[in-house]
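Peer 1: Structure in structure tokens, see below.
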Number of protein chains: 2
Amino acid sequence: MEKEVTIYDIAELLQLSAATVSRALNDHPAINIKTRQRVQSKANELGYRSNTFASNLRKKTTQTLGVIVPRLNSHFMSSVLAGMEVVANKAGYHMLISQSLESAANEKANARTMFNNRVDGLLVSLAYDTESYDHFAGFIKKKVPLLFFDRVTDFMECPGIVIDNYKAGYEATRHLLAQGCQQILHVTGNLRRNVYNDRMEGYKKAIQEAGLSERAVQVIVNDLSAEAGVVLARQIMAMEQKPDGVFVASDICAVNCMRALIDAGYRIPDDVAFVGFNNDHVSQIIDPKLTTVDYPGHQMGELAVSTMINHLTSNQPLGATSSIVLRSQLIVRASSKRLLGAD
Amino acid sequence: MEKEVTIYDIAELLQLSAATVSRALNDHPAINIKTRQRVQSKANELGYRSNTFASNLRKKTTQTLGVIVPRLNSHFMSSVLAGMEVVANKAGYHMLISQSLESAANEKANARTMFNNRVDGLLVSLAYDTESYDHFAGFIKKKVPLLFFDRVTDFMECPGIVIDNYKAGYEATRHLLAQGCQQILHVTGNLRRNVYNDRMEGYKKAIQEAGLSERAVQVIVNDLSAEAGVVLARQIMAMEQKPDGVFVASDICAVNCMRALIDAGYRIPDDVAFVGFNNDHVSQIIDPKLTTVDYPGHQMGELAVSTMINHLTSNQPLGATSSIVLRSQLIVRASSKRLLGAD
């Protein structure tokens, strides 16, 4: 087994003190830039590794945060992860990332892996079909902090970082009503998840407030994918009484539905107005541009990790916070503007 | 300090043998399903953690792969990561993921972090402005396998996983020529990176082969972002001799340019034909739909990790392979079809 190179080896070879070598390796400004470069270049040459790993073992921390997301390849989730990484990196934490692929069984296996690997904290956005939360019990037991984001639950007083999905759903629907829509279809995901259930409740509240009949409430649940958007267009075309407004809980699903309807000769917003959710790239590429709810994913990622690290380093109690609510905002574009000059 | 729970503790409490407990925890089919559930539930209740961590320490492995990407929030890169995660997870490996945000300085810091954290292998897609590769020397020195994907380099005989960017650029340009374009503008990213340089070389080759003059070669380098696409549209509108074809090395940049040109009254493909790159979601949302090069990101991620794990577990030499080339494919859509019935 090859011996690990130490700072003393580097110090001896360069005729410097170990303290100077240590500070040079950490880019300390008190050390002359040329010396820093000499030390770093020698360290590279010898294959020196800092003793972060050993020191973490002693401190019983791993400086690692576990993150479980439903899918890595969604526009929204990749924005969240990008925000998380920026904050974690600056604070000297690493991210162990896995995806549940929307399955509770995978989520359970991922949680076990994170647990066995001694993550210092765990951040989770729940899978579509997670119903029981026992797989997180070990974290509570071992006092490993647990935080939910976007798709949350009130399991064991763990905090959740969310937007006000109820309000966002309410405002999106109010906007369609203000544009003269009378039959608004709502398309959303699995209602077991807060994000979808809350948006739907906001939608229902707005319909009721408008004094419309029970029959004006019409909800379709699908997986909100691009493919589901194409199927949705076919469903709408087959309806006897067609909606004059559609509020979809995901931009990707919305634009694919719009595209299929436009190709079939429908005029948007005149025949049917559309509102999406997330403010994805695609919402500004479709013609007409899609009215949507701006969901600050990057900011949510930053906040989730800074809350976690703040707890880990200063021992700010995490359980005292039940939820942190970020601002979201309705962005009105051409897909829903049926009245001139109105929004 | 709380004592760690062992399989012996669980065995004693449940009046089972330690071997049965161990197999039950690993979901071994030889153990009755009810016993498995009893053991797993007791293990959860007690906060049992498998000794993966300790066992990895003994074996001097961490079962962790480091991944450095330019940006987490790009459609292409999130597809690659999703593919990587599926393969890593199945093989019992974890992924430590960081982003360089296109800066060589960040990439260097990320590499040091990965190195100090003893990743078993490192997978890198290079930042825009990386020029020197010294920050990877420690990995070579310590025999930690290193593999590049998408944006590669031939540093120290590390293998690279790529598509044939030259061929893809050549075919995209040939297609525009076949559609009658005579003045094709090529828009690409930093030419230091193979992906952009190779696509440009393919473009040039096709122009030369067509017998067009030197002046027919016109290249703009930008950062290929959505914003750069809007700026590009303004540049095109200001040109004295306008291109009749544009080949952009990224769909996001292409569709934003198209959208701005369409809003300004340009007809696509009649005034100017477009070809993009990557086959992002947006390419099928823009009207007319964008001709593009399908780049199998998910598959590239799967292949990168399976190649790495194969090397780690069977000691298949990595250096023997210089590069692995995945198939890409031109997908012709309405944005470039200027001749009836032709493609």
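Peer 1: Expressed in whole Å with the largest first, what are the equivalent ellipsoid semi-axes of the stretch B:1-131 derived from the C-alpha gyration tensor as the square root of 5 times each eigenvalue?
Peer 2: On the way: eigenvalues 320, 55, 25 Å².
Here the semi-axes work out to 40, 17, 11 Å.
Peer 1: Let me understand the stretch A:57-213 better: what is its radius of gyration from the alpha carbons, and its Dmax, in angstrom?
Peer 2: 18.5, 66
Peer 1: Let's test the formula: R0 of 25 Å, r as the Cβ-Cβ distance of B:Tyr8 and B:Ser41. What FRET efficiency results, to the nearest 0.05?
Peer 2: Values: r = 18 Å, r/R0 = 0.71.
Result of the calculation: an efficiency of 0.90.
Peer 1: For the protein assembly as shown, report the convex hull volume of the alpha-carbon atoms normalised per residue, in Å³, without decimals.
Peer 2: Details: hull volume 136.4 nm³, N = 686.
That works out to 199 Å³ per residue.
Peer 1: For the protein assembly as shown, what is the percent of antiparallel DSSP beta bridges, rounded to the nearest 5? Display every interim value, and only then the final one.
Peer 2: Values: 7 of 71 bridges.
The antiparallel proportion sits near 10 percent.
Peer 1: Rank A:Thr61, B:Pro288, A:Asn165 by how far each Cα sits towards the positive end of the charge dipole of the protein assembly as shown (+1 on Lys, Arg Cβ; -1 on Asp, Glu Cβ) and give me just the farthest.
Peer 2: Toward the positive end, the furthest listed residue is A:Thr61.
Peer 1: Using Cβ contacts closer than 10 Å as the measure, can you line up B:Met77, A:Met258 from fewest to most?
Peer 2: B:Met77, A:Met258
Peer 1: Still on this structure, please answer the following. Across the stretch A:213-255, how large is the tail of the calculated P(r) beyond 15 Å, expressed as a percent of all Cα pairs? Don't skip to the answer; put the middle values down first.
Peer 2: Working: 370 of 903 pairs.
Percent of Cα pairs beyond 15 Å in the stretch A:213-255: 41.
Peer 1: Classify the stretch A:165-295 as rounded, prolate or oblate from the Cα gyration tensor: take a ≥ b ≥ c as the square roots of its eigenvalues, call it rounded if a/c is under 1.5, otherwise prolate when a/b beats b/c and oblate if not.
Peer 2: The shape class here is rounded.
Peer 1: What FRET efficiency would be calculated for the residue pair B:Ala109, A:Lys60, taking the C-beta separation as r and a Förster radius of 25 Å, to the nearest 0.05? Don't skip to the end; give the middle numbers.
Peer 2: Values: r = 25 Å, r/R0 = 1.01.
FRET efficiency, B:Ala109 to A:Lys60: 0.50.
Peer 1: Can you give the local net charge around A:Ala111? Use residues other than it whose beta-carbon is closer than 14 angstrom to its beta-carbon, Lys and Arg +1, Asp and Glu -1. Can you show the working numbers first?
Peer 2: On the way: positive: A:Lys108, A:Arg112, A:Arg118, A:Lys141, A:Lys142, B:Arg49; negative: A:Glu107, A:Asp134.
After counting each charged neighbour, the total is +4.
Peer 1: Still on this structure: Straight-line reach from A:Lys205: which aspartates and glutamates have a Cα under 13 Å away, not including same-chain ones fewer than 8 places off?
Peer 2: A:Glu171, A:Glu214
Peer 1: Oh, and also: Given R₀ = 51 Å, FRET efficiency for A:Met239-B:Ser323 by Cβ-Cβ distance, to 0.05?
Peer 2: Values: r = 53 Å, r/R0 = 1.04.
Here the calculated transfer efficiency is 0.45.
Peer 1: Pull up the cross-link candidates among the aspartates and glutamates for B:Lys90, meaning alpha carbon to alpha carbon under 19 Å and not fewer than 8 places away within one chain.
Peer 2: A:Glu102, A:Glu107, B:Asp27, B:Asp120, B:Glu302
Peer 1: Dividing the Cα convex hull volume of the stretch A:116-190 by residue count, how many Å³ per residue is that?
Peer 2: Working: hull volume 7.8 nm³, N = 75.
Cα convex hull per residue, to the nearest whole number: 104 Å³.
Peer 1: Anything over 26 Å Cα to Cα? Flag those among A:Lys142/B:Lys142; B:Lys167/B:Lys337; A:Lys337/B:Lys242; A:Lys108/A:Lys204; B:Lys204/B:Lys242, in the order listed.
Peer 2: Result: A:Lys142/B:Lys142; A:Lys337/B:Lys242; A:Lys108/A:Lys204 exceed 26 Å.
Peer 1: Could you tell me the extents of chain A's C-alpha atoms along the three principal axes, largest first, rounded to whole Å?
Peer 2: The Cα atoms of chain A stretch 85, 44, 34 Å along their principal axes.
Peer 1: If you put +1 on each Lys and Arg Cβ and -1 on each Asp and Glu Cβ, how big is the dipole of the stretch A:7-50 around its Cα centre, in Debye rounded to 20? Present the calculation step by step, with values, prior to reporting the outcome.
Peer 2: Details: 6 positive and 4 negative charges, 30 e Å.
Magnitude of the dipole: close to 140 debye.
Peer 1: Follow-up question, since we're still on this one. Placing the label point 7 Å from Cα along the Cα-to-Cβ direction, what are the distances from B:Thr313 to the equivalent spots in the other copies, shortest first, in nm to one decimal?
Peer 2: Those label-point separations list as 3.8 nm.
Peer 1: Counting other Cβ atoms within 10 Å, keep those with at most 12, restrict to DSSP loop, and tell me which trypsin sites (Lys or Arg not before Pro) in the stretch A:117-168 are left.
Peer 2: Values: sites: A:Arg118, A:Lys141, A:Lys142, A:Lys143, A:Arg151, A:Lys167; in loops: A:Arg118, A:Lys142, A:Lys143, A:Arg151.
Counting only loop positions with at most 12 other Cβ atoms within 10 Å, the trypsin sites (Lys or Arg not before Pro) in the stretch A:117-168 are A:Lys143.
Peer 1: Another question, then. Considering only A:Gln15, A:Gly47, A:Thr35, whose Cα is most displaced toward the positive end of the charge dipole of the stretch A:7-50, charges sitting on Cβ of Lys, Arg (+1) and Asp, Glu (-1)?
Peer 2: Towards the positive end, the residue furthest out is A:Thr35.
Peer 1: With +1 on the Cβ of every Lys and Arg and -1 on the Cβ of every Asp and Glu, and nothing else charged, how large is the dipole of chain B about its Cα centre, in debye rounded to the nearest 20?
Peer 2: Details: 36 positive and 35 negative charges, 208 e Å.
Once rounded to the nearest 20, the dipole reads 1000 debye.
Peer 1: Say the dipole of chain B comes from +1 at the beta carbon of Lys and Arg and -1 at that of Asp and Glu; which of B:Phe115, B:Gln299, B:Ser323 then lies farthest toward its positive end?
Peer 2: Towards the positive end, the residue furthest out is B:Phe115.
Peer 1: List the extent of the Cα atoms of the stretch B:7-50 along each of their three principal axes, largest first, rounded to whole Å.
Peer 2: Cα extents, longest axis first: 23, 17, 17 Å.
Peer 1: Same structure again: Show which aspartates and glutamates lie in cross-link reach of A:Lys289 when reach means a straight Cα distance below 12 angstrom and same-chain residues fewer than eight apart are skipped.
Peer 2: Result set, ordered by chain and number: A:Asp251, A:Asp280, B:Asp263, B:Asp287.
Peer 1: For the stretch B:221-306, which chymotrypsin sites (Phe, Trp or Tyr not before Pro) pass both filters: DSSP loop (anything but H, G, I, E, B) and at most 12 other C-beta atoms within 10 Å? Don't skip to the answer; put the middle values down first.
Peer 2: Values: sites: B:Phe247, B:Tyr266, B:Phe274, B:Phe277; in loops: B:Tyr266, B:Phe277.
In loop regions of the stretch B:221-306 (DSSP not H, G, I, E or B), there are no sparsely surrounded chymotrypsin sites (Phe, Trp or Tyr not before Pro).
Peer 1: Okay, moving on. Place a +1 charge on the Cβ of each Lys and Arg in the protein assembly as shown and a -1 charge on the Cβ of each Asp and Glu, then give the dipole magnitude about the Cα centre in debye, rounded to the nearest 20.
Peer 2: Details: 72 positive and 70 negative charges, 347 e Å.
Charge dipole of the protein assembly as shown: 1660 debye, to the nearest 20.
Peer 1: May I pose another question? Run lengths n ≥ 4 of DSSP H only: what is the helix-derived mean residue ellipticity at 222 nm for the protein assembly as shown, with -39500 (n - 2.57) per run over all residues, to the nearest 500? Spell out each step's value before the answer.
Peer 2: Numbers: 24 runs with 292 residues, N = 686.
When only DSSP H runs of four or more count, the value is -13500 deg cm²/dmol.
No value in this document is a laboratory result; all are computed from the given coordinates. Keep in mind the model is a prediction, meaning the values are calculated, not measured. All Cβ positions, even for glycine, are placed from backbone atoms using ideal geometry, and neighbour counts span all protein chains on display.
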